[in-house]
Amino acid sequence: MPDALIVGATGMVGRAVIARFGSAPVTVLARREVEGLAPHHRELVAPSEGWGDIIAAERPAVLISCLGTTIRQAGSQAAFRAVDHDLILAAARGARAGGTPHMIAVSSVGAAAKSGNFYLRTKGETEDDLHALCFNRLDFLRPGLLRGDRPGPQRLAEGLATIAAPLTDALLHGSFRRYRSISGDRVAAAIVALAGQKGSGVYIHENDAIRALAD
């Protein structure tokens with residue numbers, strides 16, 4: 001397993017990625033201490049303003065971004081964009097400055113820079129800006145509704161959507177399969193699988209591809 005550095009490790013997918021690395025060491029960069037890290041994992045705690053320089057100095061073989069929030073959690077569209085675009089780009093620029101060849105980023109199904117939806121437009125713009133940094137390999141995961149235990153307060157809308165997911169998923173066929181829900185743990189398994197893959201280029205992984213990688 002290549003030397004990996006994770007940002008966004010305190011969320012559902014990030015915590016699952018760390019668990020999926022198992023006995024392989026991984027570096028975790030966060031704004032606060034991450035509970036439950038194994039002794040062989042390395043933790044760096046620092047304000048997000050300094051992440052770019054820290055990542056450049058660390059020079060990981062692969063940068064994994066599981067960063068993501070919601071407009072409701074962030075409090076405004078500007079605060080949401082500061083995390084889901086600006087902070088991800090700052091981390092990525094630091095990685096490129098340090099010579100990191102590979103980045104894996106969790107995005108969202110429907111991400112598109114020209115979307116009329118602010119959330120999806122931000123995700124799409126983030127993808128485009130990461131692409132422009134010219135990593136040797138860049139992997140985007142675009143899951144639909146993420147199922148699993150999230151840290152922090154329960155989100156009512158997501159809780160209801162999760163309950164309805166088995167029925168909703170059964171109705172989604174053909175090109176709509178990409179909108180099916182998926183567990184955060186399976187997304188994490190796909191990320192760890194991608195961390196060990198070679199090759200160059202930009203790859204987009206939606207529901208079926210994520211499941212195949214996880215399996």
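The set of residues from segment 59-115 being open to solvent by less than 20 Å² (accessible area, probe 1.4 Å), of a type in the set (Gly, Ala, Ser) and in a helix (DSSP H, G or I) comprises ALA91, ALA92, GLY94, ALA95. Regarding segment 76-97, can at least one residue be identified that is farther than 19 Å from ALA9 by Cα, touching a residue at least 40 places away in the same chain (Cβ under 8 Å) and small (Gly, Ala, Ser)? Checked segment 76-97: at least one residue is farther than 19 Å from ALA9 by Cα, touching a residue at least 40 places away in the same chain (Cβ under 8 Å) and small (Gly, Ala, Ser).
Considering each residue of segment 12-28 in turn, at least one proves to be of a type in the set (A, V, I, L, M), assigned to a strand (DSSP E or B), in contact with a strand residue (DSSP E or B) (Cβ under 8 Å, 6 or more places away or on another chain) and open to solvent by less than 30 Å² (accessible area, probe 1.4 Å). Applying the set (1) in contact with a Pro (Cβ under 6 Å, 6 or more places away or on another chain); (2) under 17 Å from GLY196 (Cβ atoms) to VAL17 leaves exactly one unmet item: (1). One residue alone among SER76, SER107 is among the polar types (S, T, N, Q) and over 27 Å from ARG180 (Cα atoms), and that residue is SER76. Scanning segment 121-164 for residues that are at pLDDT below 85, within 20 Å of ALA111 (Cβ to Cβ) and in contact with a Leu (Cβ under 9 Å, 6 or more places away or on another chain) yields a total of 2.
Residue count for segment 42-55, restricted to those that are open to solvent by 20 Å² or more (accessible area, probe 1.4 Å) and either at positive phi or in a loop (DSSP other than H, G, I, E, B) (or both): 1. Modelled with pLDDT of 90 or more, touching a Gly at 6+ places or on another chain (Cβ under 7 Å) and either closer than 18 Å to ARG147 by Cβ or not aromatic (Phe, Trp, Tyr) (or both), is that true of GLY184? Here the answer is yes, as GLY184 does meet what is asked. Listed by first and then second residue, the pairs with beta-carbon distance under 6 Å, at least 6 apart or on different chains, first residue in segment 115-133 and more than 20 Å from PRO101 (Cβ to Cβ) and of a type in the set (D, E, K, R), second at pLDDT 95 or above and crowded, with 19+ Cβ neighbours inside 10 Å, are LYS123/SER107; LYS123/SER108; LYS123/ALA111. Considering ALA79, ALA112, ALA90, ALA57, the condition of being within 22 Å of GLY201 (Cβ to Cβ) and at pLDDT 95 or above is satisfied by ALA112 alone.
When the residues of segment 118-146 are filtered to those that are acidic (Asp, Glu) and open to solvent by less than 20 Å² (accessible area, probe 1.4 Å), the one that is farthest from GLY52 (Cα to Cα) is ASP139.
The values are calculated or read from the model by the stated rules, or taken from the named source; none is laboratory data. The structure displayed is predicted, hence computed values, not measured ones. Using ideal geometry, Cβ is built from the backbone for each residue, glycine included, and neighbour counts are taken over all protein chains shown. Ligands, DNA and RNA are excluded from the accessible area calculation, which covers all protein heavy atoms including side chains. Shrake-Rupley method; radii C 1.70, N 1.55, O 1.52, S 1.80 Å.
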